[in-house]
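Everything on this sheet refers to the single structure shown next.
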Amino acid sequence: MVSSQAELHAKYGGVVPEVASRRHLELVTPVIQEALADADAQLDDVELVAVTSGPGLIGALLVGVAAAKAIAWARRLPLAAVDHLHGHVASLYLQPGPLEPPFLCLLASGGHTLLLDVQSYGSKPRVLGTTIDDAAGEAFDKGARLLGLGYPGGAEIDRLARDGDPQAFDFPIARVPGLDFSFSGVKTALLYAVRGLAADELERRRADLAASYQRAIVRALVERTQQAAAQIGATTIAVVGGVAANSELRAALGGAVLAPLALCTDNAAMIASAARYAEPIPYPGYLGLDAYASTA
Ligand code: KG4
Ligand code: ZN
């Protein structure tokens with residue numbers, strides 16, 4: 001069961017942390033009830049409670065952690081604290097085609113762009129590359145705002161790009177040293193391109209801008225991923241996270257294992273999947289469990 005706040009965020013052109021956490025508080029109980037009803041299950045059937053403890057928006061995380069603690073404590077159940085990024089990787093361990101480590105994983109979401117060397121189910125993967133500025137999803141979201149599109153931006157650009165020419169504009173691909181990414185340059189290039197067009201021309205060329213912008217981001221992701229695979233001799237490449245839903249990225253990385261569409265953007269199934277490989281905290285040791293906004 002996923003409750004999306006997309007409509008609410010669209011109203012503000014993005015996620016307003018305070019608004020998001022208040023909404024979480026209102027939704028957490030009905031979402032749990034609906035998930036149980038959908039699964040034709042009761043709380044009595046639950047053997048382990050799993051919750052995301054970070055990284056992410058601290059207010060929203062605290063709501064989830066408090067709800068999880070309350071359910072686990074009331075039923076004397078163990079609790080597994082799951083890292084959000086491990087959750088994205090664990091989306092690959094679910095049906096219909098569960099993947100087995102080792103593999104190289106491109107994790108591209110609204111907050112992260114990571115190349116991970118995943119050696120086993122439970123261990124912390126080695127980070128081969130990350131972004132030095134914006135995340136790939138953030139670049140999509142900011143680009144969408146510049147183009148006057150809605151939120152979440154990635155899906156909107158993806159849709160509009162289908163009607164555009166990806167070669168119409170020449171947007172740069174940043175080549176930073178090593179296996180890192182940078183997306184602030186391409187965003188600035190889009191800003192200048194948008195500013196350089198008269199209102200009617202901008203309207204006419206919006207699809208071309210979207211297609212060219214998407215092409216630049218996708219090429220950066222694909223290039224670096226292939227480079228990383230060559231460097232560590234990875235034979236399996238997997239792609240996860242919200243940006244993994246992008247149709248051009250999926251087509252460009254045709255040989256890769258792609259997380260199923262429904263499991264790319266944030267969802268509870270991937271957290272439950274990751275919980276299977278986390279050390280559960282026995283009752284009542286988790287009462288002091290804290291959420292964290294970022295991985296230091
Ligand atoms: O993993 P996710 O749901 O949440 C985070 O952990 O951040 O990723 C959300 C990101 C947003 O930036 C959104 O614009 C992007 O994923 N996204 C896409 C697409 N669908 C969602 N980016 C490109 N193409 C898409 N089709
Ligand atoms: Zn995520």
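Within the range 254-268, restricting attention to residues that are in contact with a strand residue (DSSP E or B) (Cβ under 9 Å, 6 or more places away or on another chain) and open to solvent by less than 80 Å² (accessible area, probe 1.4 Å), the residue that is nearest to ligand 1 (Cβ to nearest atom) is Cys264.
If you go through the range 165-184 and keep only what is modelled with pLDDT under 95 and of a type in the set (A, V, I, L, M), you end up with Ile173, Ala174, Val176. Among the residues of the range 140-199, the ones that are open to solvent by less than 50 Å² (accessible area, probe 1.4 Å) and of a type in the set (Ser, Thr, Tyr) come to 2 in all.
Between residues in the range 255-266 that are over 13 Å from His88 (Cβ atoms) and in contact (Cβ under 8 Å) with a residue 12 or more places away in the chain and residues that are open to solvent by less than 80 Å² (accessible area, probe 1.4 Å) and part of a loop (DSSP other than H, G, I, E, B), which pairs lie under 6 Å by C-beta distance while being six or more apart or on different chains? Listed pairs, sorted by first residue: Val257/Leu99.
Could you tell me whether the range 69-83 includes any residue that is free of Cβ contacts under 8 Å to residues at least 12 places away in the same chain and hydrophobic (A, V, I, L, M, F, W, C)?
Residues of the range 69-83 free of Cβ contacts under 8 Å to residues at least 12 places away in the same chain: 70, 74.
Among the residues that remain, those that are also hydrophobic (A, V, I, L, M, F, W, C) are: 70, 74.
Yes, that holds for at least one residue.
Here's the yes/no breakdown for (1) touching a Gly at 6+ places or on another chain (Cβ under 6 Å); (2) hydrophobic (A, V, I, L, M, F, W, C):
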residue	(1), (2)
Leu202	no, yes
Ser212	no, no
Ala220	no, yes
Glu223	no, no
Val240	no, yes
Ile271	yes, yes
Glu279	no, no
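Remark: pairs (first residue in the range 12-36, assigned by TED's automatic domain parsing to the domain that holds Leu48 and assigned to a loop (DSSP other than H, G, I, E, B); second residue open to solvent by 80 Å² or more (accessible area, probe 1.4 Å) and not hydroxyl-bearing (Ser, Thr, Tyr); Cβ separation under 8 Å; 6+ apart in sequence or on different chains) = Gly13/Arg145; Gly14/Arg145.
Pick out the one residue from Leu261, Leu221, Leu287 that is under 16 Å from Asp141 (Cβ atoms) and modelled with pLDDT of 95 or more.
Numbers: Leu261 fails: under 16 Å from Asp141 (Cβ atoms); Leu287 fails: under 16 Å from Asp141 (Cβ atoms).
The conditions single out Leu221.
Could you tell me whether any residue of the range 70-78 is part of a helix (DSSP H, G or I), basic (Lys, Arg), more than 16 Å from ligand 2 (Cβ to nearest atom) and assigned by TED's automatic domain parsing to the domain that holds Ala278? No.
The values are calculated or read from the model by the stated rules, or taken from the named source; none is laboratory data. Not measured: the values here are computed from a predicted model. Quick reminder, even Gly has a Cβ in these numbers, built from the backbone with ideal geometry, and neighbours come from all protein chains shown. Please note that ligands, DNA and RNA were not included when accessible areas were found on the heavy atoms of the full protein model with its side chains. Shrake-Rupley method; radii C 1.70, N 1.55, O 1.52, S 1.80 Å.
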